[in-house]
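Below is one structure, written out as structure tokens, with a few remarks after it.
The values are calculated or read from the model by the stated rules, or taken from the named source; none is laboratory data. Since the model is a prediction, treat every value here as computed from it, not as a measurement. Glycine gets a Cβ as well: all are built from the backbone with ideal geometry, and neighbour counts include every protein chain shown.
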Amino acid sequence: MASVVVTPDTATVLARSMLQLQATLLDSAGRSLTGRGVHWTSSDPFVATVSSTGLVTGVGHGPAIITATAEQSSGAARLTVFAPVASVTVDQGDQTIVVGGAVQLSATPRDWRGVALAARVVAWSSSDPGTVSVTPAGVVTGHAPGSGVLTATSEGQTGSATIAVAILELSELAPGLSTHTCGVTPGGATFCWGSDAYGQLGNGAAGDDATAVRTRGDHRFVTVSGGGRFTCGLVAGGAAYCWGSGARGRLGNGSVAGSPTPVAVAGGLSFRTLSAGFSHACALTDEGAAYCWGDNGTGQLGTETVKLGLTPIRVAGDVSFAAITVGDGFTCALAAQGTAYCWGNNQTGQLGSGGSLLSARPLLVQGARPFSELKSGARHSCGVTAGGAAYCWGDNRSGELGDGSTRPSSTPVPVAGGLAFSTISAGSDFTCGVTTDGRAYCWGEDNGGRLGTPAALESCDGRPCSTVPLAVSGELRFASVAAGDTHSCGLATAGIAYCWGQNSNGQLGDGTTTDRPAPVRVLGQPYTGAMAPPRPPRTPSATGPPRDCVPRCPP
């Protein structure tokens, strides 16, 4: 036998359809031979299968070679299987964004097996473009409170997601020790913005968001805290939830796996306050017992028994605490009388113990007056007395202690300037506070504009800084301020949230990734009077007039 000829030798087959191939055996003179066995094979059974009689069935999209072999000769047919779109999935699912905010949706056409199909045309549409519009590329923008269904269509098949649009009102802000920020509304809804590389925004979708998106789930949070690549919060009743990176046990749920949506911290404990640091978190029970979970490489969990705390571990000792705050590798807390204790890493004196030896047990901060508030940053801590005097200790390479120098201190030193503070917050290499008259001040490293003023003219190891408090630009009056990794946020006395500093991942929430050396308004909040921007055109409703915009977040 000289050859095998397969007919047809090229063909296109639809998935789930059949094509009969014929194999003709020829001798060296080109004459047909009969009575010989033929063996059929497919180069890719996931694309096309072939029976013992040459009957081909299309399975999945792509090319396949069907070969007929008889004795020592073979012939082949080249097939292309085309799989029509059988379904469309919108990968980000239902979400809540804010007025003026945007989110990227993506749609995946799939074949009859649910396998993703590439290079298919997708068309987007909105059920209510006046509330929420969508571009041909799937970028969704919120225009007014309400909701709309965004539909992706490919080859007649559709998939959809419901996007709710809310006006943002925040009662608390929590910049993370990474490039993200979260906040809580008066009704307990949590919104986050910035980097979502590890799921720390909690909305179950991949990708950064330069405007606020709501954390997934029906949880009603009373407080949240942003850590390093993760976020934690407490709901009414005291249950703790965390989301984002699970490395080193950050989420406290017994695993090192991450989660892009909130998961319950294990143990069933009820907490009244909580703080997230770079790679661990701590919380206090109603009785003042401290529990911590996550990384314990330097004793920051308050125990020497484990290197990782995958679930909450009680801090050693019998001190009852009233407040707790977490930094990078160390923890500090206030006892009921305002006495400060710290434990964990002490390389730069951040425990305030007068030395540099780490401790897995709470150490009394030396020389400190009773504090009414205590906050820890990356490698330093600061406290405020009942009279408004601020003291800081620990690392000072960027002037974050605010004493006019760059010398570290293992005991508290007074912040220069004689200002009276009502609240204070420590970030990564910088500190911010609000004075009793509502003015915000920051000091320390100013890379990216995190001090909120262009007046930082000092240099600390080649980086812009200020070793004394500088007033944040503008005439705003703040009720609170919170320092994160490379940015800060504050709630003005009028209830409007502002952020400033580095904005590489959209962590300022203003819809851009442009660094801001002065406060900018977080997008999506209510405007009043002359401040109100023009409203977008509304699409008339088939059932009545356009809806009014009510400046309220969903409960």
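So, in region 336-356, exactly how many residues are within 18 Å of residue 305 (Cα to Cα) and assigned to a loop (DSSP other than H, G, I, E, B)?
1
For region 291-310, give me the residue count where each residue is in contact (Cβ under 8 Å) with a residue 60 or more places away in the chain and either under 21 Å from the mean Cα position of the chain (by Cα) or assigned to a strand (DSSP E or B) (or both).
Qualifying residue count for the region: 3.
Can we say residue 38 is crowded, with 18+ Cβ neighbours inside 10 Å, over 30 Å from residue 113 (Cα atoms) and without any contact (Cβ under 8 Å) to a residue 40 or more places away in the chain?
yes
Each row is one residue, and each column tells you yes or no for (1) outside any strand (DSSP E or B); (2) modelled with pLDDT under 95; (3) within 18 Å of residue 80 (Cβ to Cβ).
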site	(1), (2), (3)
5	no, no, no
19	no, no, yes
29	yes, yes, no
35	yes, yes, no
44	yes, no, yes
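Hey, does region 110-117 have a residue that's of a type in the set (Val, Ile, Thr), closer than 30 Å to residue 22 by Cα and either surrounded by fewer than 21 Cβ atoms within 10 Å (Cβ to Cβ) or at pLDDT 95 or above (or both)?
No - not one qualifying residue is present in region 110-117.
Is it the case, given these coordinates, that residue 463 is crowded, with 19+ Cβ neighbours inside 10 Å and touching a residue at least 24 places away in the same chain (Cβ under 8 Å)?
So residue 463 does not fit the description; no.
Suppose we filter 423, 406 for residues that are farther than 22 Å from residue 229 by Cα, hydroxyl-bearing (Ser, Thr, Tyr) and surrounded by 21 or more Cβ atoms within 10 Å (Cβ to Cβ); which single one remains?
After ruling out the rest, the residue left standing is 423.
Only one of these is touching a Pro at 6+ places or on another chain (Cβ under 9 Å) and farther than 30 Å from residue 275 by Cα: 118, 137, 166. Name it.
118
Would you mention how many residues in region 247-261 are buried (at least 24 other Cβ atoms within 10 Å of the Cβ) and not in a loop (DSSP other than H, G, I, E, B)?
Residues that pass the stated criteria total 1.
Step by step: first the residues of region 441-490, then only those that are part of a strand (DSSP E or B) and in contact with a helix residue (DSSP H, G or I) (Cβ under 8 Å, 6 or more places away or on another chain), then the one that is modelled with the lowest pLDDT. Which residue is that?
Result: 463.
Kindly indicate which of 189, 212, 281, 276 is outside the structural domain of residue 96 (by TED's automatic domain parsing) and surrounded by fewer than 24 Cβ atoms within 10 Å (Cβ to Cβ).
So the residue among 189, 212, 281, 276 that is outside the structural domain of residue 96 (by TED's automatic domain parsing) and surrounded by fewer than 24 Cβ atoms within 10 Å (Cβ to Cβ) is 189.
Name the residues in region 375-395 that are assigned to a strand (DSSP E or B), at negative phi and crowded, with 21+ Cβ neighbours inside 10 Å, would you?
If the condition is that a residue be assigned to a strand (DSSP E or B), at negative phi and crowded, with 21+ Cβ neighbours inside 10 Å, then 375, 376, 380, 381, 382, 383, 384, 390, 391, 392, 393 are the ones that fit.
The rows are residues; the columns are (1) surrounded by fewer than 20 Cβ atoms within 10 Å (Cβ to Cβ); (2) without any contact (Cβ under 8 Å) to a residue 24 or more places away in the chain; (3) assigned to a loop (DSSP other than H, G, I, E, B); (4) assigned by TED's automatic domain parsing to the domain that holds residue 499.
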residue: 397; (1), (2), (3), (4): yes, no, yes, yes
residue: 411; (1), (2), (3), (4): yes, no, no, yes
residue: 431; (1), (2), (3), (4): no, no, no, yes
residue: 434; (1), (2), (3), (4): no, no, no, yes
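Just for region 357-374: of the residues that are at pLDDT 95 or above and in a loop (DSSP other than H, G, I, E, B), which one is nearest to residue 480 (Cα to Cα)?
370
Between 50, 85, which is buried (at least 19 other Cβ atoms within 10 Å of the Cβ) and more than 30 Å from residue 164 (Cα to Cα)?
After ruling out the rest, the residue left standing is 50.
Against the conditions (1) surrounded by fewer than 18 Cβ atoms within 10 Å (Cβ to Cβ); (2) farther than 28 Å from residue 229 by Cβ; (3) not small (Gly, Ala, Ser), where does residue 515 fall short? Just the number, please.
Here residue 515 meets the rest and fails (2).
For region 526-536, indicate whether the set of residues that are modelled with pLDDT of 95 or more and within 20 Å of residue 213 (Cβ to Cβ) is non-empty.
no
Mind checking whether some residue in region 153-172 is closer than 29 Å to residue 223 by Cα and touching a His at 6+ places or on another chain (Cβ under 8 Å)?
Taking every residue of region 153-172 in turn, at least one turns out to be closer than 29 Å to residue 223 by Cα and touching a His at 6+ places or on another chain (Cβ under 8 Å).
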